[in-house]
Amino acid sequence: MPDRLYLDHAATTPMTAAARAAMAHGIDLWANPSSPHQEGRAARAALEQARGAIGRAYGWEREVLLTSGASESLAIALGRAIVTRQLVSAVEHDAAIRAASDAAATVPVGADGIVDCAALEAALTAEAGARALVCVQWCNSETGVRQPIAAIARIVHAAGGLLLVDAAQMPSSAELADHADFVALSAHKRGGPPGIGALLVRDLATLRPTGGQERGYRPGTENLPATLGYAAALAEPEPDHVGLRARLDDAIRRSGGYVVAEVSPRHPAIASYRLPGTPASAQLIRLDLAGIAVSAGSACASGSLKPSHVLRAMGWDEEATRAVIRVSFGRTTSAADVDRFIVAWRDLARAVRSLAA
């Protein structure tokens, strides 16, 4: 549908041409990578080459376990890390919250969406001798707020804990290699295929094995085509959207809207906006009719009528949370696309003001 404008890339983004081509090559290598014959060895060689490429994209020289995506990666780390307690930030993705132990402690955030490091340190030192796994989403999937991973890692490691970073929304970067013990990744956020991701593991001795494939940590035949597609997508550079988001932020403010976490460090391709007096559901319908696809937050939760737990943790009241939408950019998003959204937003804001008059 060429007249449609897609601005929901944080939910999923189209596969790159290189990823599609790599998947086609993977389909041609149809043998089971665990088979000992020539065909199996060829498949294994391609799989390991792709695994290495995924790790190198993140500067990771340790273990790369292939999974079905970030949700499974989080579940593996939270379910099998060898620790005595768990702490998760109050603004984690629903997948992390579901995977965390019922006894997991919640670390609060400030009004800016940033983890309260003093509260984290206090929580870690509250139980002497306990080894904790701390789960933090590097970039929040609703607000785009980026956490200070290096500072958080210093606090966690000083207390003898382990740090699990959900980096599904972040482009490949070597920054995590110096700080995280586990990293959850997902291909379909980065231009790769759905159904494939990875769990980066600093030390396999900190994770309970289950047997089977993936060094005995994730049983099941490896998805070779998807793995090759993922590696190919990571090899392609991603654009810097700082200018586009600044353009949109400014237009939203001028049109009577509110930029969520405006003063916080944010991912340049993810932002949330509030139009007072207009439920997100009404905004989504109006924009969809105008040919524009956005969302009301994380794709895993946007279909729910519940208020955003992320915004509630940041101190927002329930009514305000229900008027927030998320706009996210992809590789092909242009200034013309942003301008088209701005026109639609302004029309929507004028309509709201007219009804209120």
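Side notes on the structure shown:
- Taking every DSSP bridge with both residues inside the stretch 80-157, close to 20 percent are antiparallel.
- Choice from A19, A293, A184 showing the highest fluctuation, given a GNM over the chain with Cα pairs closer than 10 Å: A293
- Net lengthening on full extension, S101/A122 (0.36 nm per residue, minus Cα-Cα): 5.6 nm
- Extension gain (nm, one decimal) between R4 and A174, 0.36 nm per residue minus Cα-Cα: 57.7 nm
- Within the stretch 79-93, backbone nitrogen closer than 20 Å to the virtual label 7 Å beyond the Cα of D112 toward Cβ: 89-92
- Measuring with a 1.4 angstrom probe and ignoring ligands and nucleic acids, D288 comes out at about 80 Å² accessible.
- Semi-axes of the equivalent ellipsoid of the stretch 202-357 are 37, 20, 15 Å, computed as sqrt(5λ) over the eigenvalues of the C-alpha gyration tensor in descending order.
- If the segment from L289 to E262 were pulled out straight at 0.36 nm per residue, it would be longer than the present Cα-Cα gap by 6.9 nm.
- For the stretch 118-162, the Kirkwood estimate of the hydrodynamic radius, built from every pair of different alpha carbons, is 11.2 Å.
- Taking amide H atoms as placed 1.01 Å from N in the peptide plane, the amide H of L5 lies under 5 Å from those of I292, A293, each 5 or more residues away in sequence or on another chain.
- Convex hull volume of the stretch 140-250 per residue (C-alpha atoms, cubic angstrom): 129
- Environment charge of L311, counting only residues whose C-beta is closer than 10 Å and scoring Lys/Arg +1, Asp/Glu -1: 0
- Averaged per residue, the chain has 42 square angstrom of accessible surface, using a 1.4 angstrom probe with ligands and nucleic acids left out.
- Calculation over all alpha carbon pairs of the stretch 81-213 in 10 angstrom steps from 0 returns a P(r) of 12, 45, 35, 8, 0 percent.
- Whole-Hz ³J(HN,Hα) from phi, Karplus 6.51 cos²θ - 1.76 cosθ + 1.60, for the stretch 318-335, glycine and proline x: 4, 4, 5, 5, 7, 10, 10, 10, 10, 10, 9, 9, x, 4, 9, 5, 10, 4
- Seen against the Cα atoms of the chain and their longest principal axis, helix 242-254 is set at about 30 degrees.
- Treating each Cα of the chain as an identical point scatterer and summing with the Debye formula, the log10 of I(q)/I(0) at q = 0.07 Å⁻¹ comes to -0.32.
- Compactness check for the stretch 1-112: Cα Rg over 2.2 N^0.38 Å is 1.45.
- Dividing the mean sequence gap of close Cα pairs (under 8 Å, 6+ apart) by how many residues the chain holds gives a relative contact order of 24 percent.
- Portion, in percent, of the accessible area of the chain that falls on carbon or sulfur, probe 1.4 Å: 55
- Taking only the C-alpha atoms of the stretch 127-203, Rg followed by Dmax gives 13.1, 44 Å.
- Length-normalised contact order for the stretch 194-346 - Cα pairs under 8 Å, 6+ apart - percent: 22
The values are calculated or read from the model by the stated rules, or taken from the named source; none is laboratory data. Since we're looking at a predicted model, the values are computed, not measured. All Cβ positions, glycine included, derive from the backbone under ideal geometry; neighbour counts span all protein chains shown. Keep in mind that these areas ignore ligands, DNA and RNA; they rest on the heavy atoms of the full protein, side chains included. Shrake-Rupley method; radii C 1.70, N 1.55, O 1.52, S 1.80 Å.
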